[in-house]
Amino acid sequence: MSWLRTEVLRRADIVEVVSEYLPLRKRGSNYWALSPFKPERTPSFAVSPSKQIFKCFSSGKGGDVIRFVMEIEGLSYAEALRKLAQKYNIEVSDFSEHAQATKERQRYTALYQEAAQFFQRKLKDSPASLYLEKRGLRPDTIERFGLGYAPAEGNALTRYLLQLGYSEETLVSWGLSLRNEHTGRLYDRFRHRVMFPIHDEYGSIVAFAGRSLGEEEPKYLNSPETPFYQKSEILYGLHQARGCLRQGIGALIVEGYMDVISLHQAGFTQAVATCGTALTPAHVTKLKRYTREVILMYDSDTAGRMATERAITTALSVGFFVRVVSLPAKDPDELLQTAGSEAFQELLKTKQSWTTYLSSQSPMLPDAPERYHLLQKLGQNLQVIPDPLLRRVYADEIQQSLHIPLEFWESFQQMEQAAALPKPQQRQRITAEKELIRIAFTYPSVSHGGIPLWQLLQEEWRHLVFAEEPAEAIRCAFCEWELPFPPTPPQLAERLSPEAQDWLAEVLMEKYVLSPHWRSWDDSPLEEDPALTLESNLNLLHLNHLQRLLEENLLILTSLSPDTPTYKEHLSLHQVLLRQRAELARRQGVILPYRNPSLGPEEEK
């Protein structure tokens, strides 16, 4: 954990910060407000002052105070951290670790700049040069986007960078070289490819994409993700498009690197593309700094239409005006090559609102399934729009075109919320994992057998694997904690993905407040024994583990002949496991035959 993050979490009070954005009301041990992320009438946004976390049960978002500022203002992690540091008068420049991180990024971008210049020098009279000329790119366009060529020989770039003083470990860890498993020697990641440098929005090269010039697969090869390059955050061409977007022109989002380059060459300098991934909230949040409108122009095939629908939802969730252009050709680059820029300009004039686009993809036929799917898509997209005024504008648009009254969408929202309520069997599948994680943070200092609960759990968890992916990520992070005091939720959150942070916040946050009239029907205090909860849920996890071992061993037994030497060994093991399971089930009060809750009904025999 960085110095700056530690100091921000030490000084910042999440209730104080959230209160600057939302009116909070105290209910029970938490503070509550209407969700700032989704429209609602009943407060479902909770803030825990004791755990210093928030949880929005409506949108699913949750985490510490830094995550809240990121979500509410659409900031990056670094920007939210600096904003909170400024609020609490924390001098960022005083922290050596921050300076070290900045220096490390400078070394990284310097390395990639050296690699880009190497590729550019190799472009002249290369197969890549002929390829780019054939694709109609002018020399000034090639220079503007820094295109180059990765030689076919195995280690040309690696030898060059080693001569400059970079270490082998640096070249491998930062994604430019690979190591041969047999010889241990390094070789270039990119060979015999047209090279596309990928810039961040400020112009630093952070990755490459290489287009194969032969039969080698994949056709496009991207740099691996590093601490300084995340595909879900980088938009190709945004650095070149920023000036245009600041003039109020909507961002034109396409799919390919060549699409962006050809469009910029033709004068459509608002074009950007994702780096081989779907459009993400991080992408559109970054775009929102420059424009409020996006125009989606994806391929006209089935995959392109599906990507368009997903991108519509993503862009609406951040508050964009969203329009769509339907391509008559395979991609924008092909259209420019065959029809020219004037035809493309005419095509842009056909852009239509996302509501019209979805209606044209799913026409309102007399067929009930068609109507059902269209209404479902429209309603779900309306719900994700955070701005109530923009939501009303689009609802009016739907009313005018499809004659669906505004009141319908209120009832639709209520139906969707009811359908989204978790099913009992889904919640029961991970009860033991959830309960153990909850008590690990709720009662860290309570002792059991003379050992603090958090240390006991840490030792027990080293021998287990959790079924739910977020729970497993939390277990791993908890077991890796090496300090002599228990981690707090914000401290552990730094090691988790946003999805795991949301999951953890929901486990730790009380979704319901105890009625003040509970004494009228129960005069006994509602208390739990953390040690008893610990033992009970650990036993359940161990029971699950034994059940999985039995099932695996049974599969082996059924595949063996009784005459096989190992058959008796597996049979003996099976009997031992059955006895252990029976004893544990007896102590736990579980009636056998036991069913592993991680198995679906179709898997149970």
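Of everything listed in (1) in contact (Cβ under 8 Å) with a residue 60 or more places away in the chain; (2) within 27 Å of residue 277 (Cβ to Cβ), the single unmet condition for residue 149 is (1). Restricting 553, 544 to residues that are assigned to a helix (DSSP H, G or I) and more than 19 Å from residue 460 (Cβ to Cβ) narrows the list to 553.
Yes or no: residue 84 crowded, with 19+ Cβ neighbours inside 10 Å, at pLDDT below 90 and not polar (S, T, N, Q)? Spelling it out, it is not the case that residue 84 is crowded, with 19+ Cβ neighbours inside 10 Å, at pLDDT below 90 and not polar (S, T, N, Q). In region 489-514, the qualifying residues are those that are in contact with a strand residue (DSSP E or B) (Cβ under 9 Å, 6 or more places away or on another chain) and within 21 Å of residue 25 (Cα to Cα), and the one that is modelled with the lowest pLDDT is 513. Looking across region 203-256, the residues that are buried (at least 18 other Cβ atoms within 10 Å of the Cβ), under 24 Å from residue 299 (Cα atoms) and touching a Pro at 6+ places or on another chain (Cβ under 9 Å) come down to 208, 209, 213, 252, 254, 255, 256. Residues that are more than 23 Å from residue 278 (Cβ to Cβ), basic (Lys, Arg) and touching a residue at least 24 places away in the same chain (Cβ under 8 Å) do occur in region 370-392. With respect to residue 327, is the statement that it is aliphatic (A, V, I, L, M) and more than 15 Å from residue 255 (Cα to Cα) true? The answer is no for residue 327.
Of the strands (runs of 3 or more DSSP E) lying entirely inside region 129-201, the ones with 2 or more residues being farther than 27 Å from residue 334 by Cα are found at 177-179, 186-188. Residues that are without any contact (Cβ under 8 Å) to a residue 40 or more places away in the chain, crowded, with 17+ Cβ neighbours inside 10 Å, out of contact with any Pro (no Cβ under 8 Å at 6 or more places or on another chain) and part of a loop (DSSP other than H, G, I, E, B): does region 10-20 have at least one? Taking every residue of region 10-20 in turn, none turns out to be without any contact (Cβ under 8 Å) to a residue 40 or more places away in the chain, crowded, with 17+ Cβ neighbours inside 10 Å, out of contact with any Pro (no Cβ under 8 Å at 6 or more places or on another chain) and part of a loop (DSSP other than H, G, I, E, B). When we screen 291, 285, 277 for residues that are of a type outside the set (Asp, Glu), under 17 Å from residue 315 (Cα atoms) and part of a helix (DSSP H, G or I), the only hit is 285.
Scan region 301-318 for residues that are touching a Pro at 6+ places or on another chain (Cβ under 7 Å) and surrounded by fewer than 18 Cβ atoms within 10 Å (Cβ to Cβ) and report the count. Residues meeting the conditions: 0. As for region 162-170, it holds at least one residue that is crowded, with 17+ Cβ neighbours inside 10 Å and over 30 Å from residue 321 (Cα atoms). In region 532-550, the residues that are in contact (Cβ under 8 Å) with a residue 40 or more places away in the chain and farther than 15 Å from residue 446 by Cβ reach residues that are among the β-branched types (Val, Ile, Thr) and outside any helix (DSSP H, G or I) with C-beta atoms within less than 9 angstrom, at least six apart or across chains, in these pairs: 539/590; 540/590; 543/590; 545/465. Report yes if residue 267 is part of a loop (DSSP other than H, G, I, E, B), farther than 17 Å from residue 327 by Cβ and either in contact with a helix residue (DSSP H, G or I) (Cβ under 7 Å, 6 or more places away or on another chain) or free of Cβ contacts under 8 Å to residues at least 24 places away in the same chain (or both), otherwise no. Yes, satisfied. Being in contact (Cβ under 8 Å) with a residue 24 or more places away in the chain, surrounded by fewer than 16 Cβ atoms within 10 Å (Cβ to Cβ), in a helix (DSSP H, G or I) and not assigned by TED's automatic domain parsing to the domain that holds residue 339 holds for only one residue in 120, 113, and it is 113. The C-beta contact set for region 496-508 (first residue under 16 Å from residue 52 (Cα atoms), second residue part of a loop (DSSP other than H, G, I, E, B), distance under 7 angstrom, 6+ apart or interchain) comprises 502/60; 502/61; 504/496; 508/51.
Criterion first (of a type outside the set (S, T, N, Q) and either closer than 23 Å to residue 250 by Cβ or assigned by TED's automatic domain parsing to the domain that holds residue 291 (or both)) does residue 385 satisfy it? The answer is yes for residue 385. Please verify whether residue 219 is over 23 Å from the mean Cα position of the chain (by Cα) and over 17 Å from residue 293 (Cβ atoms), treating the condition exactly as stated. Yes; evaluated as a whole, the condition is true for this residue. Note on region 558-589: residues that are within 30 Å of residue 533 (Cβ to Cβ), in contact with a helix residue (DSSP H, G or I) (Cβ under 6 Å, 6 or more places away or on another chain) and without any contact (Cβ under 8 Å) to a residue 24 or more places away in the chain total 0. Of the numbered criteria (1) small (Gly, Ala, Ser); (2) assigned by TED's automatic domain parsing to the domain that holds residue 259; (3) at pLDDT below 90; (4) surrounded by fewer than 14 Cβ atoms within 10 Å (Cβ to Cβ), the one residue 329 fails is (4). Within region 368-404, the residues that satisfy the criterion of being closer than 19 Å to residue 307 by Cα and surrounded by fewer than 16 Cβ atoms within 10 Å (Cβ to Cβ) are 373, 376, 380. A search for C-beta distances below 7 Å between a residue of region 462-483 that is under 17 Å from residue 432 (Cβ atoms) and any residue that is surrounded by fewer than 16 Cβ atoms within 10 Å (Cβ to Cβ) and β-branched (Val, Ile, Thr), counting only pairs 6+ apart in sequence or on different chains, returns 472/465.
Tell me, yes or no, whether region 450-472 has at least one residue that is outside the structural domain of residue 65 (by TED's automatic domain parsing), within 15 Å of residue 51 (Cα to Cα) and touching a strand residue (DSSP E or B) at 6+ places or on another chain (Cβ under 8 Å). No, because not a single residue in region 450-472 is outside the structural domain of residue 65 (by TED's automatic domain parsing), within 15 Å of residue 51 (Cα to Cα) and touching a strand residue (DSSP E or B) at 6+ places or on another chain (Cβ under 8 Å). Taking the stated definitions as given, is residue 361 among the polar types (S, T, N, Q), modelled with pLDDT under 90 and surrounded by 14 or more Cβ atoms within 10 Å (Cβ to Cβ)? Judged against the criteria, residue 361 is a match.
The values are calculated or read from the model by the stated rules, or taken from the named source; none is laboratory data. It should be emphasised that the depicted structure is a prediction, and the values quoted were computed from it without experimental measurement. Heads up, the Cβs are rebuilt from the backbone with ideal geometry, glycines too, and the neighbour counts pull from every protein chain shown.
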